[in-house]
Amino acid sequence: MDQLAPTTTPSASFPSSLQELRALDERLSQRSIDLDPSGYVLISLDRERGELVAELYSNGINARGLATDPDTGEVLSCRGGDPRQPVTVFRGRTAKELGILLTEGPGQAPISRLDHALYLGRELQKAEAALRSGDSYIQD
């Protein structure tokens, strides 16, 4: 069994301590994931309008599994570089509203991988909580 795979049944020590849950979350965050060929999404807050913003960016994926610029084929840098323009910008007042737009909105859904959709759902929930509380939000 993969060391990073979560168990499918509750542990004998349920409920887990907060420390154990944080360790589990950290361990699961270290797993290898495949990129979504449909693109990537950057989430931010528009506090003035009280909205969550999801910007969809296109990408290619090279033979090494790295995200590439679809026009040039060059590997995309996580830091620096010229700013890219989003293909589409989605806005919503809640995580649910924005999640529905991303997965059920008009046209082809911009998410092609289930793990990507689940990740975005978690991030949208965190972003909504930050929007409501006034806390800062940084996408994982």
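FYI, it's all coordinate maths here, none of it is from the lab. Predicted model, so just to flag it, every value in this text is computed and none were measured. A quick note on method: Cβ atoms are made from the backbone with ideal geometry, for glycine too, and the neighbour counts reach across all protein chains shown.
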Are there trypsin sites (Lys or Arg not before Pro) in the stretch 72-120 that DSSP puts in a loop and that have at most 15 other Cβ atoms within 10 Å, and which ones?
ARG79, ARG84, ARG93, ARG113
If R₀ is 22 angstrom, what is the calculated FRET efficiency for the pair ILE61 and VAL89, using the beta carbon separation as r and rounding to 0.05?
0.45
In whole Å, what is the distance between the alpha-carbon centres of the stretch 78-139 and the stretch 38-58?
5
Can you match volume of the Cα convex hull per residue in Å³ to one of these, (1) 160; (2) 139; (3) 110, based on a calculation from the structure here?
(1)
